[in-house]
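The values are calculated or read from the model by the stated rules, or taken from the named source; none is laboratory data. All values reported here derive from a predicted model rather than from experimental measurement. Here the Cβ positions follow ideal geometry from the backbone for every residue, glycine too, while neighbour counts run over all protein chains shown.
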Amino acid sequence: MKEFEERFLERIREVSGNEDITMDLRFDETNIESLQFIELIIDMEKTFNVKIPDEKLDISEFDSLAQLAELVHKLMQESGV
């Protein structure tokens, strides 16, 4: 899981342009706007080879980066990635 978290954070930092992002931040603390969030979701799908459900394509669905990470990790496990 540690390896996954490091890669996850790397992708978020790349998309957001914010090197200070940590896993325990809430989304409203990251300054990630809604368009960046969609870009982030697309990046997560490509990077981790998962399909995030349409109902989760709203930033308000997640309180924190950790929640998004949990979803992506769960989807990876379900798909055998």
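Here's a check for you: in region 1-35, which residue that is part of a helix (DSSP H, G or I) and among the polar types (S, T, N, Q) is farthest from the chain's Cα centre (by Cα)? First the steps, then the outcome.
Residues of region 1-35 that are part of a helix (DSSP H, G or I), as a first pass: 2-16, 27-29, 34-35.
This time we only want the ones that are among the polar types (S, T, N, Q), so: 16, 34.
Working: Ser16: 11, Ser34: 13 Å.
Of everything passing the filter in region 1-35, Ser34 is farthest from the chain's Cα centre (by Cα).
Within this structure, Leu71 passes the test of being touching a Lys or Arg at 6+ places or on another chain (Cβ under 7 Å), surrounded by 13 or more Cβ atoms within 10 Å (Cβ to Cβ) and at negative phi.
What tally of residues in region 49-62 results from selecting those that are part of a helix (DSSP H, G or I) and loosely packed, with under 12 Cβ neighbours inside 10 Å?
Taking region 49-62 as the starting set, the residues that turn out to be part of a helix (DSSP H, G or I) are 54-56, 59-61.
After this cut, where a residue has to be loosely packed, with under 12 Cβ neighbours inside 10 Å as well, the list is 54-55, 60.
Total satisfying the criteria: 3.
The residue of region 63-81 that is nearest to the chain's Cα centre (by Cα), among those that are within 18 Å of Arg7 (Cβ to Cβ) and in a loop (DSSP other than H, G, I, E, B), is Val81.
Only one of the listed residues (Glu29, Glu33, Glu5, Glu10) is of a type in the set (Asp, Glu) and touching a residue at least 24 places away in the same chain (Cβ under 8 Å). That residue is Glu5. Pairs are defined by a Cβ separation below 6 Å, a sequence spacing of at least 6 or placement on different chains, a first member in region 37-48 that is crowded, with 18+ Cβ neighbours inside 10 Å, and a second member that is assigned to a helix (DSSP H, G or I); the pairs so defined are Phe37/Ile59; Leu40/Val15; Met44/Val72; Phe48/Val72; Phe48/Met76. If the condition is being surrounded by 14 or more Cβ atoms within 10 Å (Cβ to Cβ) and either modelled with pLDDT of 90 or more or on the phi > 0 side of the Ramachandran plot (or both), then region 19-35 contributes Ile21, Met23, Leu25.
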